[in-house]
Amino acid sequence: MDVRRIGVVGLGAMGAGIAQVAIEAGFDVVGREVSDELGTAATERIGHFLTRKVEKGRLAQDARDAALGRLRTTTDVSELVDCDLVVEAIVEELQAKRALFVELERFCRRDTVLATNTSALSVTEIAAATASPERVVGMHFFNPAPLMPLVEVVRGELSSDDAVATALDVVDRLGKVAVPCHDTPGFVVNRVLIPLLNDCVRVLDEARVSPEALDAAMTNGAGWPMGPCTLLDLVGIDVHVHASEALYEKLRETRMAPPPRLVAMRNAGLLGRKSGRGFHGY
Ligand code: CAA
């Protein structure tokens with residue numbers, strides 16, 4: 001399908017980033033949030049990052065304005081009716097996502113491709129809530145979406161070749177790198193990255209090093225672009241713990257289980273960048 005209009009449901013850090021990438025690539029975007037205030041906040045966040053690109057000479061002012069002009073926000077799911085592709089980026093809870101996909105199926109055209117940005121839930125289980133699982137795929141962006149090139153295009157058990165092809169085509173037009181894969185716990189990157197980050201947190205206590213020292217070790221010794229504690233703060237401690245629990249539940253591998261230190265941080269509200277404090281202060 002020749003996708004022209006993309007819906008993004010949930011304009012948090014990931015959804016806003018996905019919407020930004022899409023308007024920059026020339027797509028019309030309808031972003032859905034639960035309140036007008038959240039829709040406005042997301043538009044302002046996107047406007048801020050686009051302005052920074054203008055200030056740094058990476059984007060022309062009129063291109064910035066044209067991109068923002070392609071974004072419309074709404075609180076009403078029925079306004080996604082004209083979208084050729086809808087990307088869901090709401091809370092990582094299976095029941096909430098399944099309920100949303102039932103709603104999307106009701107309001108969207110029959111040929112609209114419905115994608116989930118889930119990072120650790122099963123695309124197949126989300127699709128199974130609908131009567132048309134063949135049009136459901138995973139499109140898993142990485143944080144921060146405007147900067148990270150990869151999108152995992154995840155084939156659910158019943159995804160059609162057409163739906164997968166549409167998702168791959170959009171990823172290409174977004175200027176991103178697609179890695180197609182099947183619906184397995186954590187897909188490709190998180191299957192590797194989640195236990196690795198859990199190991200990093202265990203090393204903090206075992207080797208008795210500070211978060212700053214561990215970050216310095218991995219950036220200077222392993223060439224990581226940012227250290228593991230900085231990365232966990234960026235991803236969100238709550239998001240990482242939730243994804244770890246989801247993978248542990250499915251795979252029963254001990255390295256998948258979130259280290260108690262991370263669970264305690266989550267329970268204390270030390271969520272990283274978004275709460276102002278995690279391993280580091282912001
Ligand atoms: N949205 C849009 N723009 C953003 C942004 C965001 N969320 N965050 C930052 N930017 C922009 C800012 O304008 C910033 O510039 P200013 O500070 O001047 O305003 C600019 O991007 C930063 O650009 P740089 O060229 O300076 O980028 P960098 O060289 O510092 O690299 C990075 C930044 C790409 C994030 C790099 O540090 C990196 O690759 N880090 C690793 C990130 C990573 O591993 N992500 C995966 C997380 S795991 C995941 O997402 C999976 C999951 O399911 C949980």
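The values are calculated or read from the model by the stated rules, or taken from the named source; none is laboratory data. Please read all numbers here as calculations on a predicted model, not as lab measurements. Please note: Cβ atoms are built from the backbone with ideal geometry, for glycine as well, and neighbour counts cover all protein chains shown. Surface accessibility is based on the protein's heavy atoms, side chains included, excluding ligands, DNA and RNA. Shrake-Rupley method; radii C 1.70, N 1.55, O 1.52, S 1.80 Å.
Where only DSSP H runs of four or more residues are counted, the chain gives -15000 deg cm²/dmol as its mean residue ellipticity at 222 nm, each run worth -39500 (n - 2.57). Normalising the average separation of contacting C-alpha pairs (under 8 angstrom, six or more residues apart) by the number of residues puts the relative contact order of region 5-182 at 21 percent.
Multiplying the residue separation of D172 and L147 by 0.36 nm and subtracting their alpha-carbon distance yields 7.5 nm.
Per residue, the accessible area of the chain comes to 46 Å², computed with a 1.4 Å probe over protein heavy atoms only.
Positive end of the dipole of region 1-149 (Cβ unit charges, origin at the Cα centre): among V136, V123, G26, the Cα lying farthest that way belongs to G26.
With the simple spin-label model, which puts each label point 7 Å out from Cα in the Cβ direction, the A165 to E55 separation comes to 4.5 nm. Fully extending the segment from R109 to A222 would add 35.9 nm, taking 0.36 nm per residue of separation and subtracting the current Cα-Cα distance. Dipole of region 189-274 (Lys/Arg Cβ +1, Asp/Glu Cβ -1, origin at the Cα centre): which of L271, S244, G227 lies farthest to the positive side? The Cα lying farthest towards the positive end belongs to S244. The fraction of accessible area contributed by carbon and sulfur in region 5-182 is 52 percent, rounded to a whole number (1.4 Å probe; ligands and nucleic acids excluded). Only Lys, Arg, Asp and Glu carry charge here, each on its Cβ (+1 for the first two, -1 for the last two); on that basis region 189-274 has a dipole of about 160 debye about its Cα centre. Would you work out if region 189-274 is rounded, prolate or oblate? Take a ≥ b ≥ c from the square roots of the eigenvalues of the alpha-carbon gyration tensor; rounded if a/c is under 1.5, else prolate when a/b is larger than b/c, oblate otherwise. Taking the square roots of the gyration eigenvalues as a ≥ b ≥ c, region 189-274 is prolate.
Amide H contacts under 5 Å for E88: V9, A115, T116, N117, restricted to partners 5 or more places along the chain or on a different chain, H placed in the peptide plane at 1.01 Å from N. Its relative contact order, with pairs defined as Cα atoms under 8 Å and 6+ residues apart, puts region 189-274 at 33 percent. Taking the Cα centre of region 5-182 as reference, the dipole from Cβ charges on Lys and Arg (+1) and Asp and Glu (-1) amounts to some 460 debye.
Residues whose amide H falls under 5 Å from that of H182, counting only those 5 or more places apart or on a different chain, are R155, with hydrogens built in the peptide plane. Atom-type composition of the exposed protein surface of region 189-274 places 57 percent of the accessible area on carbon and sulfur (1.4 angstrom probe).
Annotation: the chain has a Kirkwood hydrodynamic radius of 19.5 angstrom, from the mean reciprocal C-alpha pair distance.
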